[in-house]
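Notes for the one structure printed next.
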């Protein structure tokens, strides 16, 4: 990981009381408060701004930094990529790509939709803070009756899960994350069982060991399920070297590997070596699919991306032989 340790800097002087009141009213936060909310110390926040341009806070007339709620969400996105092993120097490209996609999707303003998502997320957090499993189940049912599967998980529940994961080392937060993680895993597994039914397992889905949590593996399988595609989830912890043996026994048409970690130096080589030993198509999904797409171009390995709807569409095209790498 790209680590930057800047020289000590002089701490910014406290803002006057009136200025702090104005900050609160305008939903702007001084650097000390942002450090408390995100767990990122002020020295690192300044480094991300100066060296990498990852965040661009506004300034008061006296030169003090002020951060908006959007800046805070950006910081949490940065933490999420770092947790996946992405070097700080590479994160700017990923954020820019994400922002470009948001611009393309904002032809029709979606501020009301985002506010609605945030309201549901607030209810989920309240249920977790009260350890109220019945309320969590009620919220889940209401959300599913309102939105598509992709929105339910990608836009409402998983952002809460990811934030809880980042904060789970804080006293009291661990129990909340464990509760949400167990709840979502059980619900996703139920849906997977219903979708598979009596369909033959045309696709096997496996996690690269240590590259994702069980919930992320199950969700990937759920996003890939549907139509005539029967999906079988291979248990977490399968050795990479034994995947060929497993596929020889169950004979899927495709093996989809799930990875949410930044690819290591030998990642492409390992995938290509595995692909040569398989009698089925090898595909990759998750964040690693986005990060390794260029290095896998021209190989036999297909990249499905990390968006639920697109993953399923691309899988069907690969299985139908109408989409090439």
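Please treat every number below as a calculation from the coordinates, not as lab data. From a predicted model like this one, the values you see are computed outputs, not experimental measurements. Heads up, the Cβs are rebuilt from the backbone with ideal geometry, glycines too, and the neighbour counts pull from every protein chain shown.
Quick check on the exposure proxy: order 72, 301, 78 from fewest to most C-beta atoms within 10 angstrom.
72, 301, 78
Please report the spacing between the Cα centers of the stretch 159-206 and the stretch 260-325 in Å, no decimals.
For the stretch 159-206 versus the stretch 260-325, the Cα centre distance is 23 Å.
Restricting to Cα pairs below 8 Å that are 6+ residues apart, what does the relative contact order work out to for the stretch 200-320? Please round to a whole percent.
Reported as a whole number, the value is 27 percent.
Can you classify the stretch 200-320 as rounded, prolate or oblate using the Cα gyration tensor, where a ≥ b ≥ c are the square roots of its eigenvalues, rounded means a/c under 1.5, and otherwise it's prolate if a/b beats b/c and oblate if not?
rounded
Report for the stretch 200-320 the percent antiparallel among DSSP-assigned beta bridges with both residues inside it, nearest 5.
5
Using Cα pairs closer than 8 Å and at least 6 residues apart in sequence, work out the relative contact order for the stretch 111-189, in percent.
29
Kindly identify the stretch 249-315 as rounded, prolate or oblate by the Cα gyration tensor criterion: order the square roots of the eigenvalues as a ≥ b ≥ c, call it rounded if a/c is under 1.5, otherwise compare a/b with b/c, prolate if a/b is larger, else oblate.
oblate
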